[in-house]
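Values in this text are rule-based calculations from the coordinates and carry no lab data. Keep in mind that what you see is a predicted model, and the values were worked out from it rather than measured. Note: ideal-geometry Cβ built from the backbone for every residue, glycine included; neighbour counts use all protein chains shown.
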Amino acid sequence: MQQRVGWDVVLLTRLGSGSINGGLEVFKVFSDIKYLFTAPLILGMLFVINLATSPGDWWVQWAALGMGIAWVVCLLRVIRAAIVVGGLAALGAWLWKRESAGRSTGTTPPRSTDSVEQA
């Protein structure tokens with residue numbers, strides 16, 4: 001007899017110590033959001049320093065290039081996380097609506113069974 005594992009167990013195992021990152025992806029997204037706001041401030045400060053110290057030599061463009069590439073990568077990560085969270089929220093809302101509709105009518109929606117019950 002094979003025991004079935006639910007999606008919640010798989011998800012918790014993936015986010016727990018069994019994953020490569022150890023569940024630190026969430027913190028990476030938070031630091032990416034922080035970087036999206038701090039990088040332009042840092043570049044502004046570097047621009048003012050460049051303007052005050054050497055107005056003829058624009059070295060700040062190289063810092064802007066590197067930070068700009070990193071900023072775009074962080075933006076793409078945040079967008080990906082927002083899409084995943086939105087999809088999970090939509091799935092949860094759909095399941096909740098489906099379950100509450102079954103309760104209000106007194107019937108439960110059909111569920112698929114992979115195992116054959118023996119009488």
- Message: Can you compute the FRET efficiency between residue 34 and residue 90 using 1/(1 + (r/R0)^6), with r the Cβ-Cβ distance and R0 = 35 Å? Round to the nearest 0.05.
- Response: 0.85
- Message: Multiplying the sequence separation of residue 103 and residue 47 by 0.36 nm and subtracting their Cα-Cα distance, what value in nm do you get?
- Response: 14.0 nm
- The exposure ranking of 42, 83, fewest beta-carbon neighbours within 10 Å first, is 83, 42
- By its C-alpha gyration tensor, with a ≥ b ≥ c as the square roots of the eigenvalues, how is the stretch 18-91 shaped: rounded for a/c under 1.5, else prolate for a/b larger than b/c, else oblate? prolate
- Note on the structure: Computed about the Cα centre, the charge dipole of the stretch 26-104 from +1 Lys/Arg and -1 Asp/Glu charges at the Cβ has a magnitude in debye, to the nearest 20, of 540
- Kindly rank 52-59, 66-73 from highest to lowest mean number of other beta carbons found within 10 Å of each residue. 66-73, 52-59
